[in-house]
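Here the structure comes first, spelled out in structure tokens, and everything after it is commentary.
The values are calculated or read from the model by the stated rules, or taken from the named source; none is laboratory data. A quick note: this is a predicted structure, and the numbers were derived from the prediction, not measured. For neighbour counting, all protein chains shown are included, and Cβ atoms are generated from backbone atoms with ideal geometry for every residue, glycine included. With ligands, DNA and RNA removed, areas are computed over all heavy atoms of the protein, side chains included. Shrake-Rupley method; radii C 1.70, N 1.55, O 1.52, S 1.80 Å.
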Amino acid sequence: MSRAFIDPRVAAFLNTYFKRVFLLYLLAAAFLVWGTRFPYAFNHAKFTALNRYIPKAENMVIFKEDPAKLTEGDLKEFERYYEKAALFMPRSAEARALKGYSYYYGGDKVKAQRAYSQAVRMNPKLFNFYYNLGIIALDRKDHKKAFAHFKDSVAVDPGVNVQSISGSVWYIMFLPSVHQPQLLANAVGTHVRDQYRRGYLQLLISCELLNDHASMLLYARKAIANDFLNQGVFYYYAGLAAYQLNEPQQAVVFLQEAVKHKFQYAQVYQVLGLSLRALGRPESEAAFKASMSLLKDEKIYRPEAENRGLLIF
Amino acid sequence: MAIPAKKTPSISFYVFGITVCLWAYSFHVFLTRQAPLTSDAVSFYDHLKFYIDSITRGVYPLWDPLWSSGAPNEFFLRRIGPFNPFLVLIAVPYKLGVGFWPLFSGFVTFYFFLGMLGFYRLARVISRDEFSALLAFVLLSLSSLGTRVFDSYIMMFMTPMIWFFYFLITFGQAQKRHAFLGMVFCVMLLMTTYIPFYFITIVLSFFIFFTLVYPKQAVGFVVALFRFMVRNPAVSLLSLAGLALCCVPGYLFFKSASQGTFTLPLRHFDAQHENVLSVKAAVTSYWAMPEDLVYSTFYTSDLRLFDFAAFYLPLTAYILLLLGLAARLNRKIVLMFLWGFFFLLLGSPHLTPLYQFLHDRIFFFKYFRNLHFFLWLVIMPLFVLFVVEQLKDLLDEAQKGGRVKLSIFCSALLAHLAVAAALIWQDSMNYSTWIAWLVSLAAFFLYFWSRLSRDMFLAVLLFATVVQPLEAYHYLSKSWLKVVEVYLTRNALTSLGLSEYDRFSSKFEYTRGEKVLLPAARVKNEPLYFGTQWYTALWDNMDANVLRNYTHSKFILYDRVLAFDDQKEDIRVIEQAWEKGLNVAFVPADSPVENLEGSIVTRGPAMTVSGPTQQLRVIRYNANQVRLKTDLSAKKFLVFNDSYFPGWRVFIDGKEGSLYRANIAFKGVWVPAGDHVVEFRFGEAKRSAIEIFLLVFYCGLLVLLVWSWRKDILAEKKWLEGVRDV
């Protein structure tokens, strides 16, 4: 008589509970786990499929430069494309950010903010993620948050930012001279420099909205030190902050520089007049006069115009 | 003898009727031509129309004069399956004057549901359960396979393949004559439709896995087949003859593809094998199953985006798949799983080396281009059979009651929760998805609490199955109606006219439509899909506008002919001659010298014929033949701008003349002065005879199949009555 290899009760138990289809599924799951050792296969599938959803070529430049010009349908196309990109490449912060960018122009600012917040968590070395979060916060009248985001944006190391942009397929496809590294580096450099200028400006505007004059003076000085194009506005903010901080002497110097840099608006002369008056200098009357005449000509600096609801691509 | 499954005809009838109506309603905008066909379905329509046009005029179209300025038609005929007797359903009413479109849409619907009927029967013989078979039928009918009727020609080989497996399994169960004839008939259809290698791979792999899982039954099947053939020598011989005959067109096509007289540049690009049908492994691997699946997720994650070619099964299928985790293992399930798994491995060339391995070792693997076809041909139907088999097993087990029933209900609940979690994660906000989910959950809940009969459970589950596809196809139709609007606003109605072949008529066109030239000065053509080798050379190397201009007129009469060496001389010489309208034609340098008449003084420019004239008019025309009446004042060299190809011959007043390959890619002949009849003819009479014989043979075999099936059914009824009497 042969002895059973395993206890019949165990065999019955196994037969009842383990001779089930899930064993096949486990096999399939094991195969999938094994398959993850070949990421190329998955990436190939993702990228090849993603290439089929690319929005119309003629809309690509408009999307980068002025997405507001696109129709709702075209924007939806971008939205779906970047949604898919973010899904396929869950580690790509840029794909998520661009998803946020398309949400923003599609009108869904809550989703846009969520996407940018995720992007920032994934890659904290990109200026435009913070900047765009700041713009979204400004739109939502959350000045404190906007200030914090703009502050973070200008704190990003520009060199690292340039490197991140140049190394990202998501941005490089929109930039010129991809095949000429030198031209590309210059293009990215100029692009980034312009971005930082906008970053400082928005930061100063949010300081003004928060009446935080100490920070305003600090960042205005930093912006001046960066030697951006059209420095006048930064001298103006530095002058305004100095005046509010009861440093009229310093304010006069900054405001005169602003005028020299052709930043000639009613407010500049008004603050200049006030500062001069505080110093007891007779030129204050001339400054007030100039201010009045500029006021008549409607030459008024409007900080809100600096934020035209435009995110940085 | 196998005991037939229990029949509940009333339910089956209603399920069939409702499914067909829902399907037709879902796709009515396509069936009524309010929305256009797309992708491969357009060319399928084209070739079918051309074929039926020709056949109803008594001509078997070996040549297609509309494709690439004329090309052999064998390749396109294979797409439609020219010997398919069901095409009679179009040909006869068309001949009687019914419009082509209603016949076409009726035919594709019929053929699709013929396939689905086969699938229902297949599911019934596999599961031996009416309930499972009906569910399988509805799941597959309302899957995105139904959309492929309007964007591909996949059903032309899907339907016979489904029926082949039905006949195969019924033959395995009981060696009936109709099952044997059915198998043979389906194989014959498949061998003459498109590239039979998909089918061969599917069948061979099935036999391998069947032998692995059912070794005894596999041996038993071979023995039974052998015995059947010995017992039925007449049927066997007829079938063997049929099988041999159906390989003839394929063999001839394959042979001509090896000679390189026609080309398929997009397909053959960079392939190492000389046969033009062969495909480089990298080309096949570029878009395989994973790519198709990933691509599909985009369209199925939000039904509002639904589009063609997205792999989609109703939500119920996924619930059943998860529910099936708890089903008992049996050989059927293992066979289906292993077989499907094999195709997943084969169809994922970047993940496994299986495809490359087979590509390097088995000759016909070089001829695949669409590995993702297996997703539709195998994975999708197998998936459906797999899940309904699991459900059937669970429902059977639940009849034990008590704890078993409760644990199965818990599995159903978990499956529903898992699907709900996936839907939430996917951010799926489609109402129908959630309705389907809720109804399915309610069906299981009520069934396990004995509040629903099995039939009612089926009815509720079927409702859960149909609700989601209805929404998906509603969005598909809506978006494609918008496509029509875009076409209309762009005034490009020709694109919507769908077919070049709608214009194909007995009236000969002397020119090729309107001259639409591309804007740039020197323009490259897009790669050609299919054409003769010489036309491809022109297409690839010549300015697109010059070529369009030149081929606009089908006939040009020249006074002078010059020799031209394709190998040595620059094609731009001819391009310049065409641009300047020089009165000189070019023939290959190796043409007979006495026929080169370079010394004749040219009289003005070449004469372009753009309509019937006294000097030249077409008096008879069909796909394989053009007969002209000429009355020239002097001997001229006539170039017929229809591709040159071996097999074309020319007759002048009934006597065979010399046909030249003129102007690189076209047909040329010297026509003497005075009244003459010039006839260009393609294909030998014996070739046409073979084709027509095959047409008749296929029709005869179908009649024989239906007759023997009816006889077998009657015999079975008689046997059952006998059993009952006993």
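Evaluate E = 1/(1 + (r/R0)^6) for A:Gln163 and A:Glu306, where r is the Cβ-Cβ distance and R0 equals 25 Å; express this FRET efficiency to the nearest 0.05.
The calculated FRET efficiency here is 0.35.
Find the relative contact order for chain A and round it to a whole percent, using C-alpha pairs within less than 8 Å whose residues are 6+ positions apart.
10 percent
Please give the calculated 222 nm ellipticity per residue for chain B, where each DSSP H segment of at least 4 residues contributes -39500 (n - 2.57) and the sum is spread over every residue; nearest 500 deg cm²/dmol?
Only helices count here, giving -18500 deg cm²/dmol.
Find the lysine pairs in the stretch A:1-77 meeting two conditions, Cα atoms under 27 Å apart and a separation of 8 or more places or different chains, and report how many there are.
Close lysine pairs under the 27 Å cut-off: 7.
Roughly how crowded by other chains is peptide A:27-39, in terms of the mean Cβ count from those chains within 10 Å of each of its Cβ atoms?
Mean number of neighbouring Cβ atoms from other chains: 2.
If I model a spin label at B:Val404 and A:Phe13 as a point 7 Å from the Cα along the Cα→Cβ vector, what separation in nanometres do I get?
2.0 nm
Give, in nm to one decimal, the length gained when the segment between B:Asp566 and B:Ser39 is fully stretched (0.36 nm per residue of separation minus the Cα-Cα distance).
This chain segment gains 186.2 nm when fully extended.
Given 20 Å bins starting at zero, what is the percent of C-alpha pairs of the protein assembly as shown in each, up to the one with the largest pair distance?
For the protein assembly as shown, the pair-distance distribution reads 10, 31, 30, 19, 8, 1, 0.
Over chain B, what is the relative contact order in whole percent, taking alpha-carbon pairs under 8 Å and six or more residues apart?
Relative contact order here is 16 percent.
What does the average come to when, for each residue of peptide B:291-300, you count the partner chain Cβ atoms lying within 10 Å of its Cβ?
That works out to 5 on average.
If you restrict to DSSP beta bridges whose two residues both lie in the protein assembly as shown, what percentage is antiparallel, to the nearest 5?
90 percent
Kindly state, to the nearest 0.05, the FRET efficiency for B:Ala244 paired with B:Phe110, given R0 = 30 Å and r defined as their beta-carbon distance.
0.50
Going from the alpha-carbon gyration tensor of the stretch A:11-111, what semi-axes, largest first and in whole Å, does one get by taking the root of 5 times each eigenvalue?
43, 15, 11
Once the Cβ-Cβ distance between A:Ala57 and B:Lys507 is put in as r, and R0 is 60 Å, what FRET efficiency do you end up with, to the nearest 0.05?
For A:Ala57 and B:Lys507, the calculated efficiency is 0.90.
Alpha carbon centre of the stretch A:255-270 versus the stretch B:660-726: separation in Å?
Between the Cα centre of the stretch A:255-270 and that of the stretch B:660-726, the gap is 92 Å.
So, counting K/R as plus one and D/E as minus one, what does the shell of residues with Cβ under 13 Å around B:Leu406 add up to?
With Lys, Arg at +1 and Asp, Glu at -1, the net is +2.
Treating cross-link reach as a plain straight distance, find the aspartates and glutamates whose alpha-carbon is under 18 Å from the alpha-carbon of A:Lys125, omitting any fewer than eight places away in the same chain.
A:Glu94, A:Asp152, A:Asp157, A:Asp194
List the lysines whose alpha-carbon lies under 30 Å from that of B:Lys580, not counting same-chain residues fewer than 8 positions away?
Once the sequence-local lysines are set aside, what remains near B:Lys580 is B:Lys515, B:Lys524, B:Lys554, B:Lys568, B:Lys629, B:Lys635, B:Lys636, B:Lys667.
Which whole number gives the average, over all residues in A:40-52, of C-beta atoms from other chains lying within 10 Å of the residue C-beta?
Counting other chains' Cβ atoms within 10 Å and averaging over A:40-52 gives 6.
So for B:Glu274, B:Glu569, what's the accessible-area order with a 1.4 Å probe, most first?
From most accessible down to least: B:Glu274, B:Glu569.
List the lysines whose alpha-carbon lies under 22 Å from that of A:Lys260, not counting same-chain residues fewer than 8 positions away?
A:Lys222, A:Lys289, A:Lys296, A:Lys299
Return the distance in nm (one decimal) between the two label points of a simple spin-label model at A:Asn123 and A:Leu229, each offset 7 Å from Cα along Cα→Cβ.
Computed distance between label sites A:Asn123 and A:Leu229 equals 2.5 nm.
Enumerate the calculated ³J(HN,Hα) couplings along the stretch A:271-284 in order (Karplus 6.51 cos²θ - 1.76 cosθ + 1.60, θ = phi - 60°), each rounded to whole Hz, writing x wherever the residue is Gly or Pro.
Working through the residues one at a time gives 5, 4, x, 5, 5, 5, 4, 4, 8, x, 9, x, 5, 4 Hz.
Evaluate the relative contact order of the stretch A:187-313 (contact order divided by residue number), counting alpha-carbon pairs under 8 angstrom at least 6 apart; express in whole percent.
Relative contact order, the stretch A:187-313: 19 percent.
For B:Ala634 and B:Ala673, compute 0.36 nm times the residue count separating them, minus their Cα-Cα distance, and round to one decimal in nm.
That works out to 13.6 nm of additional length.
If I model a spin label at B:Ala91 and A:Leu295 as a point 7 Å from the Cα along the Cα→Cβ vector, what separation in nanometres do I get?
9.5 nm
Please work out how much length the chain gains when fully extended from B:Gln259 to B:Asp427, using 0.36 nm per residue of separation minus the C-alpha to C-alpha distance, in nm with one decimal.
55.0 nm
Ranking request for peptides A:16-28, B:679-691, A:127-139: highest mean number of other beta-carbon atoms within 10 Å first, then the rest in descending order.
A:127-139, B:679-691, A:16-28
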